[in-house]
Structures are given as C-alpha cells and as structure tokens.
Amino acid sequence: MLKEMKYVIATIGLLAATTLQANENQLELQNNPELWATQLGNYQGNRYSKLDQINRDTINDLRPLWQFSTGVLRGHEGGPLYVGDGRLYIHTPFPNKVFALDLEDQGRIVWTYEPDQDPRVIPVMCCDTVNRGLAYADGRLFLGLANNTLVALDSESGELLWEASNGDHTKGESNTMSPLVVHDKVVMGISGGEFGVRGHMTAYNVESGERVWRGYSNGPDSDVLLDPQKTLMMGEPIGEADLGVSTWPEGEWKRGGGAPWGWVTYDPELDLIYYGSGNPGSWNPEQRTVDGEPADNKWAITVFARDPNTGEVKWVYQKVPFDEWDYDGVNENQLIDVEIDGKQRKGLAIIDRTGFGFLLDRETGELLVAEKFAPETNWASHYDMDTGRPVVNEEFSTFRQGVNVNTTDICPTAMGAKNMQPSAYSPETGLLYAGINRICMNYEPYETEYVAGQPYVGATLTMMPAPVQDEDNKGRMGSFIAWDPVKGEVVWETNERFAVWSGALATAGGLAFYGTLEGHVKAVNIDTGEEMWSFKTPSGIIGNINTFQHQGKQYLGVLSGVGGWAGIGLAAGLEDPEEGLGAVSAFAALEDYTELGGVLTVFALPDA
Amino acid sequence: MALNKMPRHPLVIGAIGVVLFLGMTSVSAAPAPKEGSEPGDYTVIDGKVDQGTYDGYIAYTRSCMACHGPDGLGSSFAPSLIKRAQQRSFDEFARVIAGGLQIQPGKVMPSFAGDSYVLSNIENIYSYMQARGAEEVGRGRPKVIEQAKADKTAENNKESK
C-alpha cells in the first residue's frame with residue numbers, strides 16, 4: 001500500500017514531490033518496524049512495535065547494555081528516536097540539549113546541540129521544565145525549545161538550519177510539546193494555561209521555518225479557522241458563529257488558555273491532524289461565567305480535527321464545557337480502527353484526564369463511548385450520549401460550592417486520572433494500555449487578577465490517594481491498565497505505589513512496558529498484566545519506553561529522570577485524609593525512593 | 001478580592017505558655033495583638049493557628065506550592081521552604097521572594113516584586129513556615145483560633161461533603 005502510494009506520488013510529477021516528501025519520508029520510516037522515527041511510534045499514536053525478539057520467552061534475559069547521563073537534572077519526558085542511521089537522538093529538559101549517540105559504540109557522543117535560552121522562561125513553566133522530544137523527517141530534527149523557539153537541526157551534524165519564534169515567554173508562554181511533521185509542515189502547540197495565555201496550534205514550513213497557518217483555541221471563528229456552517233460538532237454543523245467569543249465573559253477569551261501542549265496524531269488517509277486543547281485560563285470557574293451562569297468557554301478542553309494543509313477545523317468535540325477542576329484536555333488521541341455493532345468504524349480513543357475513556361468517530365467527531373476507566377471518578381456521573389456533555393455531580397462542582405469554599409474529595413485530581421503520558425494500542429488485542437493516577441483532590445477557587453507573565457491560576461488544590469476498597473491497596477496512587485475502548489471496560493490492572501507517569505509500549509512479543517516513578521522499567525504479560533521483568537534505572541521514569549532494531553538486535557531505550565507535575569506533587573508524599581488536620585504521617589513520599597538526574601538506559605538481549 | 005493584606009493577630013510565642021496556663025484551650029476571642037511582635041511569630045493553640053499564620057498557609061498554597069510542593073515540604077523542582085525559613089533571617093527570606101534568585105543555570109526562583117498579594121503576605125508565609133519547622137503545625141489546612149472563622153470553615157467543609 002505504502003509502496004503503491006509512493007509510486008503514484010512519484011508519477012504525479014516532480015512538482016508535487018517536494019511538498020509531500022517530508023510526510024512521505026516520515027511515513028516510510030514509521031512503517032519500517034525496525035525504526036522508532038516519531039515519539040508515538042506512528043502517526044496514529046499507537047506506540048506499538050511489531051518487533052518480537054524480546055518476548056515472553058526471552059524477557060528474563062533482557063539486560064542494560066549501557067547508560068548515558070544527560071548532565072541535566074529535571075524531569076525527562078519523551079524518548080529516543082531511531083531512524084536507521086546507527087544513532088540515537090535524544091533531548092533534555094531546559095536547557096534543551098540534543099545529543100546524537102552512536103548506538104554501535106555504547107553511546108559515544110557524535111554531536112551535541114545546546115541552545116542559549118533566557119532562564120527567565122523557567123518560572124513560567126508551571127510543572128517543571130520538561131520537553132517531550134524530537135521530531136524527524138528527511139535528515140532534519142525538530143525540537144520545540146522551552147522559550148517557544150522551534151528549531152530545525154541537520155541530523156548529520158547537529159548544525160542549526162533555521163529557527164522560528166512561536167511565542168513570548170515574558171507573557172507566560174512556553175513550550176513542552178514534541179512537534180509533528182506532516183507533509184511539508186511541522187506543527188507545534190504551546191503551553192501556559194496557568195498564565196492566561198491564548199492557546200494555538202501553528203504550522204511551519206519544514207524547509208524554511210516560515211509560518212504557514214495558526215489556529216487559535218478561542219476567539220472569533222476566523223482565528224480558530226472554523227466555519228460554523230461546515231465544521232461539525234457531534235456530527236452536525238456547529239451552526240452558531242463565534243462561540244469562541246460568546247461563551248466567555250467580556251474579553252476573557254483573550255486569556256482563555258486552551259493551550260494544546262500534548263501530542264498530535266495524524267490520519268494519512270483522511271488527511272487530518274488531531275489534538276486536544278487545555279484548560280480555559282483561570283482555574284476559578286466563577287471568573288468564566290456569563291451572567292453568573294456556567295458558560296462553555298469554547299474551545300477549551302476540546303478535541304480538534306484540522307486539515308494540516310490549511311489549519312481548517314473539520315470537527316470539534318468539547319470534552320468538558322465550563323471546566324471546574326482543571327481537567328486539561330490535551331491527552332493523546334489514539335487513532336484506531338474498531339468494529340462496533342458489526343460495523344467498521346474509524347475510531348479515535350482517549351484515556352482522558354477526566355477519568356473517562358472516550359471513543360469517537362474520527363471522520364465526524366461523533367461520541368460513541370464514554371465510560372469511566374477510573375471507578376473513583378465522581379465529578380460527573382456519566383456522559384449524555386445525545387448531547388456529548390458530562391452530567392456533573394453538584395456535590396463536586398467547584399462552581400456550585402462557590403468561591404473561597406474548599407470542595408473536598410473530588411476524583412480524579414487536576415493531574416487527571418491520566419496525564420500526558422502516552423498510552424499504547426495493540427492491534428492484536430484491540431486494547432489500549434496506559435499508566436494512570438489514582439489520586440483525588442480538594443479544590444478551592446479564589447478570585448485572581450490577570451497580569452501578563454504572572455500566574456493566573458485562581459484555585460488552590462491539595463491531593464490525596466483515591467479511596468480503595470481493598471485495605472491492602474491503601475495509599476496506592478497509580479495503576480497500569482488494559483482498556484477495551486469499545487466495551488468501555490478495564491480488562492486488567494496492576495497497582496503501583498505512585499502514579500504511573502511514563503508512556504506505555506505494546507509489542508508483538510506479547511508484552512507491554514511501562515516505567516514507574518521509583519525508576520523501574522517493567523514488562524508485563526499483555527494478556528494478563530502479570531509482571532514478567534523489571535529493572536531499576538537511576539531515577540524515576542516520566543519518559544517513554546521506545547523500541548527499535550539495529551543489525552538484527554532489538555533494543556529498548558528509555559530516559560529516566562524524575563520531575564514533572566508528579567515530581568512536584570508527590571515528592572513529599574500526600575496527606576492521609578483520614579488522619580485529619582495536622583497529621584504528621586503521610587503516604588509514601590517519592591523523595592524516599594528517587595532523586596533527580598537524567599539518564600538514558602539502553603537494553604537488549606545479550607545473545608541476540 | 002483577596003489581594004489586600006489581612007490584618008495579623010500576632011502573639012509572641014512566649015505568650016502561648018501563659019495562655020495555656022490560664023486554661024484557655026479554646027479561646028472564644030481572637031488573641032489581642034501584642035507590642036513588639038516579630039516576623040516569624042505565630043500562635044498555636046490546640047493545633048489551631050492565628051489568622052496571620054493561616055493566611056500564610058493560604059498564600060503559600062496559592063503562590064508557592066506549585067514549585068515548592070505541598071505544605072512547604074519541597075519537591076523535585078524546588079527546595080523545602082520550611083528548611084529555608086529556619087536557615088534564613090526574615091530579611092533574607094523576604095529579599096529572595098521580592099528579588100528572585102538564580103541558583104545555577106536552569107535553577108531559578110522568580111521575583112514576586114510585581115505580585116502585591118505575595119508581597120503583602122511574606123510575613124505570614126514566614127510565620128507559617130516557622131510554625132511548620134517547629135512541628136507545631138502539621139500538614140494540610142490549619143484551623144484558625146478565632147471562633148467565628150473556625151465555625152465558618154467547619155460549615156463550609158460540611159456543606160461541601
């Protein structure tokens with residue numbers, strides 16, 4: 001199929017070839033099971049590998065081959081890329097170094113790139129100076145720096161080819177996300193939902209860095225790049241114009257967040273990119289009401305399907321209208337083909353911050369499934385499948401409870417039942433695999449004033465482990481789950497002491513992999529969740545486990561280096577709500593298990 | 001609006017013993033301000049704190065916790081302020097909050113000079129940290145000694161359960 005497409009493109013003529021080449025190169029690389037050429041493994045975001053040298057029979061022999069210190073403290077998200085040239089390409093949190101490491105020479109440094117960035121960007125990065133990694137196509141590496149500069153590097157030499165400015169850190173804008181290359185464009189979002197930024201997704205030309213389009217998450221339709229007569233919502237045209245303005249109090253959309261800082265996925269057949277937008281500015285819902293009543297604050301916490309060529313919005317689905325909990329909607333949209341009621345559907349699955357697992361039709365944006373994967377979820381009882389809206393539980397509505405009232409025991413926490421750590425999908429089992437958080441919160445909104453470049457939060461939150469039925473699991477803060485996206489059911493789950501903040505990997509070797517905040521890389525039986533192998537790396541893992549094959553040997557590569565929101569929130573341990581105020585004891589503290597420090601660990605079978 | 005400085009109800013710590021000696025385990029009125037109180041002073045009676053120390057908890061949780069972790073305990077991103085408040089004089093503590101600090105490349109404390117809410121609460125934050133350091137105040141939201149306020153908090157908690 002791919003070869004046919006290449007042939008067709010080649011025969012269309014050289015005119016078209018230049019514009020489609022980058023996409024073609026990336027597609028070709030990601031269709032080669034030996035490579036790991038994009039952070040999520042493929043455009044669909046599946047994080048699945050067909051490699052099976054490391055499997056249930058051989059896993060016991062899996063050993064670390066070498067380790068490499070990045071020299072950077074702070075949380076290490078993302079993972080290594082392998083594009084078939086015998087090198088691994090890795091990145092670091094701020095200062096955003098890039099290393100090309102020789103895979104055949106135990107990680108000898110081939111070249112290093114280190115940008116010069118204003119350290120004043122650090123305090124505007126709300127939850128650590130993380131970065132989710134490099135993108136690649138046609139001999140170019142792309143990285144979004146903390147200070148919003150998108151850089152293109154020559155992968156051979158590390159030389160800077162071009163840079164483009166995507167935002168202004170003195171206004172609270174920053175970047176943590178990994179860009180994605182589609183066609184002749186590289187798309188990049190932005191961070192800063194806690195600083196009152198106005199979120200957008202922007203496309204740059206891969207060759208020149210020239211900006212091609214920018215679609216905002218709020219404001220007039222012309223800025224969002226949607227047409228209310230054509231853009232679909234729940235399978236029907238939106239109809240009403242400029243909802244990105246009218247669903248906000250006067251002018252609030254200008255600091256309305258909706259920052260898309262998570263992953264972007266892409267369907268080459270439909271030629272659409274998919275991503276979610278973040279929380280709607282201030283965490284105080286009262287400041288986002290219209291005439292004192294809840295307003296939708298569109299298009300925050302919304303799944304966008306856009307045409308990558310023009311930015312035009314094909315459909316939208318708002319997961320949480322009028323957010324009252326910071327249920328930032330950026331989680332990855334897994335593109336999976338499913339059978340529902342005997343019919344083949346092009347699906348889009350989300351294991352969401354909200355505690356709900358969604359399945360949508362990725363052609364139209366219709367909501368097909370919305371079920372809780374974290375049973376403690378209590379902010380909403382369920383989703384109304386006709387309107388696509390959550391049915392909110394008043395008891396846990398921080399708006400109904402009011403400003404300066406501490407609404408208690410809301411599940412999940414603002415961290416989400418799952419945060420950005422990307423899930424995996426196995427086409428063999430039809431299941432999603434994801435690390436999740438079992439944490440709840442108290443949330444107290446307060447009035448806050450917008451000052452450019454200053455935090456614009458407007459709520460305090462404190463966290464506690466989610467309640468559990470089984471006493472043995474008391475204080476448990478994480479799980480790794482297998483999720484059936486069609487039935488909306490958890491198939492199996494394992495318990496972890498801390499939130500599972502690493503990305504997942506599924507393989508044809510009958511295994512799923514994840515990392516823990518203590519620093520373990522774990523392999524589990526993909527059918528049962530039974531732990532089959534583990535290795536403790538030097539620091540907690542919030543990165544993703546990637547796999548690739550070079551000269552007949554299958555490797556695993558993972559960045560460890562604790563940090564991120566998990567590191568900030570869990571370092572000291574959480575309070576035991578049952579011990580009441582002033583309790584001295586705490587649930588397990590992450591600082592008792594791990595310390596900072598970025599390290600790449602590369603594993604393989606010794607005899608392979 | 002919570003941007004104005006809340007009036008403090010300071011009471012030097014030495015007075016606690018006197019209060020307790022008098023058997024005032026649960027005072028019905030706010031302790032009267034006392035001459036000569038210093039930044040870092042706090043009052044704890046039966047696990048409850050004076051208004052200023054409570055405001056210090058709230059200000060910390062709103063403006064500092066995102067980096068320094070819950071209840072002043074530190075995080076993977078920034079150190080424990082409980083320890084820092086014990087190691088530093090009020091002047092030093094206040095100077096860092098107002099002026100910021102670059103400890104090493106990549107490790108930066110921002111300046112809060114433009115944030116009137118934080119500036120007006122530095123004394124309160126310092127008092128809260130001193131009370132935490134002395135282990136007189138535990139984790140979580142403390143209750144306030146003043147009865148009316150204590151009732152309101154309890155009522156709010158009850159309503160939201």
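Points to keep in mind about this one:
- Segment A:187-205 - residue that is among the aliphatic types (A, V, I, L, M) and out of contact with any helix residue (DSSP H, G or I) (no Cβ under 8 Å at 6 or more places or on another chain) and, of those, nearest to the other protein chains (Cβ to nearest Cβ): A:ILE190
- Of all residues in segment B:75-109, those satisfying the criterion of being within 11 Å of chain A (Cβ to nearest Cβ) and either assigned to a helix (DSSP H, G or I) or of a type in the set (Lys, Arg) (or both) are B:ILE82, B:LYS107.
- Filter pass, A:VAL451 being under 22 Å from the mean Cα position of the chain (by Cα), modelled with pLDDT under 95 and in a loop (DSSP other than H, G, I, E, B): no
- Being among the β-branched types (Val, Ile, Thr) and either touching a helix residue (DSSP H, G or I) at 6+ places or on another chain (Cβ under 8 Å) or more than 25 Å from A:SER191 (Cα to Cα) (or both) is true of A:THR398.
- In segment A:112-128, the residues that are more than 8 Å from chain B (Cβ to nearest Cβ) and of a type outside the set (A, V, I, L, M) form Cβ pairs under 9 Å with partners that are part of a helix (DSSP H, G or I) and crowded, with 19+ Cβ neighbours inside 10 Å, at six or more places apart or across chains, as follows: A:GLN117/A:HIS169; A:ASP118/A:HIS169.
- Residue pairs whose Cβ atoms lie under 6 Å apart, separated by 6 or more positions or on different chains, with the first residue in segment A:287-302 and modelled with pLDDT of 95 or more and the second of a type in the set (Lys, Arg) and surrounded by 19 or more Cβ atoms within 10 Å (Cβ to Cβ), are A:ASN297/A:ARG288; A:ILE301/A:LYS319.
- Listed conditions (1) within 25 Å of the chain's Cα centre (by Cα); (2) modelled with pLDDT of 95 or more; (3) closer than 22 Å to A:GLY256 by Cα are all met by A:ALA374, apart from (3).
- Of the residues making up segment B:110-122, one or more are free of Cβ contacts under 8 Å to residues at least 60 places away in the same chain, crowded, with 16+ Cβ neighbours inside 10 Å, within 23 Å of A:ASN131 (Cα to Cα) and facing chain A (nearest Cβ under 7 Å).
- Answer residue from segment B:87-109, given it is under 30 Å from A:GLY597 (Cβ atoms) and exposed (fewer than 15 other Cβ atoms within 10 Å of the Cβ) and is farthest from the chain's Cα centre (by Cα) among those: B:PRO105
- Residue check, A:PHE94 free of Cβ contacts under 8 Å to residues at least 40 places away in the same chain, crowded, with 17+ Cβ neighbours inside 10 Å and either away from every other protein chain (no Cβ under 14 Å) or outside any strand (DSSP E or B) (or both): no
- Test for B:TYR54: is it within 10 Å of chain A (Cβ to nearest Cβ) and at pLDDT 95 or above: no
- Residue check, A:ASN437 of a type outside the set (A, V, I, L, M), at the interface with chain B (Cβ under 9 Å from one of its Cβ atoms) and closer than 25 Å to A:PRO285 by Cβ: no
The values are calculated or read from the model by the stated rules, or taken from the named source; none is laboratory data. Given the structure is predicted, the values throughout are model-derived calculations rather than measurements. Using ideal geometry, Cβ is built from the backbone for each residue, glycine included, and neighbour counts are taken over all protein chains shown.
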